1. Could you tell me how many degrees, from 0 to 90 and to the nearest 10, lie between the Cα long axis of helix 99-118 and the main elongation axis, the longest principal axis, of the Cα atoms of the chain?
2. In segment 45-202, what is the volume of the convex hull around the alpha carbon atoms, normalised per residue and reported in Å³?
3. Evaluate E = 1/(1 + (r/R0)^6) for Glu11 and Arg322, where r is the Cβ-Cβ distance and R0 equals 45 Å; express this FRET efficiency to the nearest 0.05.
4. Using +1 at the Cβ of each Lys and Arg and -1 at the Cβ of each Asp and Glu in the chain, identify which of Leu254, Gly5, Gly303 lies farthest towards the dipole's positive end.
5. Starting from 0.36 nm per residue, how many nanometres of slack lie between Met1 and Val200 once their C-alpha separation is accounted for?
6. Stick to the Cα atoms of segment 1-102, pair each with every other, and give me the Kirkwood hydrodynamic radius in Å at one decimal.
7. Going down the list Lys194/Lys327; Lys241/Lys327; Lys24/Lys65; Lys194/Lys241; Lys68/Lys248, which pairs span over 30 Å between their C-alpha atoms?
8. If you take Rg/Rh (Cα atoms, Kirkwood Rh) from the coordinates, which of (1) 1.09; (2) 1.06; (3) 1.03 do you get?
Amino acid sequence: MAETGFWDDREHAQGVVSQLSAVKSLIGPADEVREAIGDVAELFELAVEEDDAETLESIRGDLDKIAKRCDEIEISGLLNRPDDMKSCFFSIHAGAGGTESCDWANMLLRMYTRYFEQNRFSCEELYLTPGEEVGVRSTTLRVSGPFAFGKLSCETGVHRLVRISPFDSQNRRHTSFAAVDVIPEHEDADIEVKEEDLRVDFYRASGAGGQHVNKTSSAVRITHEPTGIVVQCQNERSQHKNRAQAMKMLRSRLYMLEQQKRDAELAALYSNKGEIAWGNQIRSYVLQPYQMVKDHRTDEQTGNVQAVLDGQIEPFIESYLRHRSRKANQK
């Protein structure tokens, strides 16, 4: 960062700063715990020499805090895959069910937005398609912060809601589905994209966006015809910036597609077990006839549904990180 011209390429520089922040988030807490243990050890020796029961009792509380901090460091250590510290593109898609699923997708968007705020992740809306009546049909966000992809990748899959529908005049119970998709941002992905393979459409952005965004055809939709991958971006005023962001998303998706192909080939060689794939239900949120949120991969569950919907999903993420680590160690 001290090199001359480091900030000439601002996008690259911001990536380096993000990596530095991620590394500091690992090293800093470990150094703090090491220092705290040293302080407690010295205090313990003095308390024993002086037979100070009150100080010994306070040390017990200090040790509980240190143990909790060690648990947090352990979780950070589980975020050890090459892409885990990267920023990511985070998408929510409503499933079949029309109004119900669009409302559920909007509830998930609120839940994750609050989680981002609690974890000091920065979030930028790239694309949003509102539901026909209420809620969200689909949306894509760029989320950045230490280990954004590592943590949010634990949420990839189908999320199921069971509740008494507020849109049903007969107050019947409905089941709704929405899917979460997370891909790491690869700024330097070595993926060749041929211009002749792209279909680029420009259109006017939908929804609220101020006096400029809806008056010009600045929104961009890019279709990669060989794979059928579609990416969209509408958050900037200019076509050029939206196209650049959409191309970044496309390269990241193509990179992940190639990685998934390689992973599937390896899985076929070493195991007959199916892998966790897009479309599998990972978690149920039941509001009626009882209240329970349960992760079907780890059996982690809680009856405090409102806390979860307010963004308190860290226990589910930590449980899945441990589950994933155990599975990796068994192979």
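1. It is inclined by approximately 40 degrees.
2. Numbers: hull volume 28.7 nm³, N = 158.
Output value, Cα hull per residue: 182 Å³.
3. On the way: r = 35 Å, r/R0 = 0.77.
It comes to 0.85.
4. Farthest towards the positive pole: Leu254.
5. Working: separation 199, 0.36 × 199 = 71.64 nm, distance 3.68 nm.
Taking Met1 through Val200 to full extension adds about 68.0 nm, to one decimal.
6. 18.2
7. Values: Lys194/Lys327 38 Å; Lys241/Lys327 41 Å; Lys24/Lys65 21 Å; Lys194/Lys241 19 Å; Lys68/Lys248 39 Å.
With Cα atoms farther than 30 Å apart: Lys194/Lys327; Lys241/Lys327; Lys68/Lys248.
8. It is the value labelled (3).
Values in this text are rule-based calculations from the coordinates and carry no lab data. Just so it is clear, the structure is predicted and the values come from calculations on it, not from any experiment. Please note: Cβ atoms are built from the backbone with ideal geometry, for glycine as well, and neighbour counts cover all protein chains shown.
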